[in-house]
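*Asks:* The structure's right below; bear with me while I get my questions together.
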Amino acid sequence: MKAAPFEYLRAASLGEAIEALSGTPDARVLAGGQSLVPLLNLRQVRPTLVVDINRVDELSFLRKENGQLEIGALTRHRVLETSETVRSEVPLLAEAIGYVGHPAIRNRGTLGGSLAHADPAAELPAVMVALDAGFTARGPERERVIAARDFFLGPHRTALGHGELLTRISVPSHRGGWAVEQLSRRSRDLALVAVFATVTLSGDVCETARIAIAGAGPTPIRATVAEEALVGRALTDDVVALAAELAAAATDPPDDLHAPADYRREMAAVLTRRAITRAKEGA
Ligand SMILES: Cc1cc2nc3c(=O)[nH]c(=O)nc-3n(C[C@H](O)[C@H](O)[C@H](O)COP(=O)(O)OP(=O)(O)OC[C@H]3O[C@@H](n4cnc5c(N)ncnc54)[C@H](O)[C@@H]3O)c2cc1C
């Protein structure tokens, strides 16, 4: 199929993009186009205006500032995947990004696009929730920062308001061990279930633990009760197994043709156990 007709604007600046978005209620941003173009072609979305931000250079940057990575929304996945800074400061993100589609998709796709698309099975929204990232949104009147945990409202629904553009993603650096554990039907498909974890230790005792799960609810899930079951304890097999069960209990998986809900919940436990164990070994 071909897309329904729409007006196209190639924005030359952030100001021009925001003005166009705020002037047309059903306008859509075009970043890498890896999700938007199929949706247009399948006529699942029919915007009257598409605002192309690919020439807005001020949205494309990657730098370390005050103990965190500041990443422009238009930064391509491939830039993040090959960045030494990302690998040393936020290795969980570096590992997770390799799971996003295939090289051709990562060459065009952008971090902001993946987050704004808010697919519950996507890797990067869950990574951002695990790492307590902050998202800067710019609208016609103001700029605001939205915590990753408050950003994802449901499948393909975010806290971005009318006329707002995601401009910057701030990701705190992390120490210790980390792990990505993902189950999908084919290599590099969207996750049936994926778990992203970091662990820091003081001696044998867990100092901090972060666990986020993709594919197991309408939004990425931060498994806080499971994290609390780890902190302050030695990470024995029993402690890790209990946390894995608590993480699975926090999920609300879909029941669809790809996998039944019970299977996804069981896999959430299995993958959490593996992720914590691997993160502990690297801590
Ligand atoms: C074959 C295939 C396999 C894939 N596999 C995976 C996978 O395994 N994991 C995964 O996570 N994804 C996967 N994807 C999806 C894809 O990688 C991402 O969704 C995509 O990279 C999103 O970024 P984009 O820049 O292409 O966004 P676009 O497609 O341009 O936009 C996506 C949505 O976000 C909005 N948007 C974009 N940028 C902004 C912004 N700055 N502010 C506000 N709104 C914005 C758009 O309006 C649109 O609604 C796959 C895609 C394909 C085609």
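*Asks:* Would you mind working out the magnitude of the charge dipole of the chain relative to its Cα centre, with +1 at each Lys and Arg C-beta and -1 at each Asp and Glu C-beta, to the nearest 20 Debye? List each step's numbers first, then the result.
*Replies:* Working: 32 positive and 35 negative charges, 148 e Å.
Computed charge dipole of the chain: roughly 720 debye.
*Asks:* Calculate, for Ala241 and Glu19, the FRET efficiency according to 1/(1 + (r/R0)^6) with r their C-beta to C-beta distance and R0 45 Å; round to the nearest 0.05.
*Replies:* Details: r = 54 Å, r/R0 = 1.21.
Taking R0 as 45 Å, the efficiency between Ala241 and Glu19 is 0.25.
*Asks:* For Leu69, what residues show an amide H to amide H distance below 5 Å, using hydrogens built from the backbone and excluding near sequence neighbours?
*Replies:* Val171, Ser173
*Asks:* Taking the Cα centroid of region 51-91 and of region 205-283, what is the distance between the two, rounded to the nearest whole Å?
*Replies:* Region 51-91 and region 205-283 have Cα centres separated by 28 Å.
*Asks:* R0 = 25 Å: FRET efficiency of Arg55 with Glu143, Cβ-based, nearest 0.05? Numbers along the way, then the final one.
*Replies:* Working: r = 21 Å, r/R0 = 0.84.
Working from the Cβ atoms, E equals 0.75.
*Asks:* Whose amide H sits under 5 Å from the amide H of Asp52, counting only residues 5 or more places off or on another chain, with H placed in the peptide plane?
*Replies:* Those lying under 5 Å, H to H, from Asp52 are Leu9, Arg10, Ala11, Leu30.
*Asks:* In Å², what does the accessible area per residue of the chain work out to with a 1.4 Å probe?
*Replies:* Working: 12920 Å² over 283 residues.
Per-residue value: 46 Å².
*Asks:* Name the residue farthest towards the positive end of the dipole of region 106-216 from the options Ala148, Thr208, Gly161, assuming +1 on Cβ of Lys and Arg, -1 on Cβ of Asp and Glu, about the Cα centre.
*Replies:* Positive-end residue among those listed: Gly161.
*Asks:* Pick out, in residue order, every one of the chymotrypsin sites (Phe, Trp or Tyr not before Pro) in region 117-184 that is DSSP loop and has at most 10 other C-beta atoms within 10 Å; say none if there are none.
*Replies:* Within region 117-184, no chymotrypsin sites (Phe, Trp or Tyr not before Pro) qualify (loop, at most 10 other Cβ atoms within 10 Å).
*Asks:* For region 114-264, what class follows from the C-alpha gyration tensor (a ≥ b ≥ c being the square roots of its eigenvalues): rounded when a/c is under 1.5, otherwise prolate if a/b is larger than b/c, else oblate? Don't skip to the answer; put the middle values down first.
*Replies:* Values: a/c = 2.30, a/b = 1.32, b/c = 1.75.
Cα axes put region 114-264 in the oblate bin.
*Asks:* Please list 3J(HN,Hα) in residue order for region 65-72, calculated via the Karplus relation 6.51 cos²θ - 1.76 cosθ + 1.60 where θ = phi - 60°; whole Hz, with x for glycine and proline.
*Replies:* Values per residue, Gly and Pro as x: 8, 6, x, 9, 8, 10, 10, x Hz.
The values are calculated or read from the model by the stated rules, or taken from the named source; none is laboratory data. Because the structure is predicted, anything quoted here is derived from the model rather than measured. Virtual Cβ from ideal backbone geometry, glycine too; neighbours counted across all protein chains shown. Ligands, DNA and RNA are excluded from the accessible area calculation, which covers all protein heavy atoms including side chains. Shrake-Rupley method; radii C 1.70, N 1.55, O 1.52, S 1.80 Å.
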